[in-house]
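The structure appears right after this line, and notes come after that.
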Amino acid sequence: MAYVTHLQLAERPGARELAQVASSEHQPLVAYELMELTLLNVDRSAWPADEVTHADEALERIDDAVADADGLIDGFLRQRGYPLPLSPVHQLVTVWSRAISRYYLHGHRRSLESDDPIVRDYREALKQLQQMADGKLSLGSEDGVTSGAPAYKKGSTLLRDALRDY
């Protein structure tokens, strides 16, 4: 299960941006309207078959970026001890997935964080994920992992000290 849905991506960043960054470099740009229909999984029978195929290919590239982003997020959540895949998906995790996926789709972009909201959002997501892994950030009342608790490793001094209390 992806941490950000096609519907959420259609809302933000939107079909226009996604068509621009996910269309094949060797094909015409996927029409924005068709990209939106594809994201929303609604009838596209009025569109020519070859254009629908290109939209499906763009959606595959979007899904690949989301899968890569979610894999990165899972790596941080795993460090914190969350059972994966995370379910239900907390809104903050969706924000992270959207920001990282968007950054991955804009991979050819070269800009500074200070003047690019896509880079800034990506870096902020990574910063928050690291804080999550370090126990400095939680998912709030829905968080299934005790905030601030150290991650014990088998054989570690911390684990032995914690078990000594029992």
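Any idea how many residues of region 2-36 are acidic (Asp, Glu), within 19 Å of GLU51 (Cα to Cα) and at pLDDT 95 or above?
3
Just to confirm my filter: which helices (runs of 4 or more DSSP H) fall fully inside region 30-117 and include at least 1 residues that are in contact with a Leu (Cβ under 8 Å, 6 or more places away or on another chain) and closer than 23 Å to GLN128 by Cβ?
It comes to 49-80, 91-105.
Regarding ARG80, is this residue buried (at least 18 other Cβ atoms within 10 Å of the Cβ), at pLDDT below 95 and of a type in the set (Lys, Arg)?
yes
Looking at region 40-51, can you tell me whether even one residue there is more than 17 Å from SER101 (Cα to Cα), of a type in the set (Val, Ile, Thr) and surrounded by 17 or more Cβ atoms within 10 Å (Cβ to Cβ)?
no
Between ALA15, ALA10, which is part of a helix (DSSP H, G or I), within 24 Å of PRO117 (Cβ to Cβ) and touching a Phe, Trp or Tyr at 6+ places or on another chain (Cβ under 8 Å)?
ALA15
Residues to consider are SER97, SER23, SER114; find the one that is in contact with a helix residue (DSSP H, G or I) (Cβ under 9 Å, 6 or more places away or on another chain), crowded, with 18+ Cβ neighbours inside 10 Å and closer than 30 Å to LEU137 by Cβ.
None of the other options fit; the residue is SER97.
Test GLY135 against the stated conditions and say whether it is on the phi > 0 side of the Ramachandran plot and either part of a helix (DSSP H, G or I) or over 15 Å from the mean Cα position of the chain (by Cα) (or both).
Judged against the criteria, GLY135 is a match.
Table: residues versus (1) among the basic types (Lys, Arg); (2) under 21 Å from GLY14 (Cβ atoms); (3) touching a residue at least 60 places away in the same chain (Cβ under 8 Å); (4) in contact with a helix residue (DSSP H, G or I) (Cβ under 7 Å, 6 or more places away or on another chain).
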| position | (1), (2), (3), (4) |
| --- | --- |
| ALA49 | no, no, no, no |
| ARG61 | yes, yes, no, yes |
| SER87 | no, no, yes, no |
| ARG102 | yes, yes, yes, yes |
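Can you pull out the residues in region 138-160 that are at pLDDT 65 or above, assigned to a loop (DSSP other than H, G, I, E, B) and not β-branched (Val, Ile, Thr)?
Matches in region 138-160: SER138, LEU139, ASP143.
The values are calculated or read from the model by the stated rules, or taken from the named source; none is laboratory data. Because the structure is predicted, anything quoted here is derived from the model rather than measured. Using ideal geometry, Cβ is built from the backbone for each residue, glycine included, and neighbour counts are taken over all protein chains shown.
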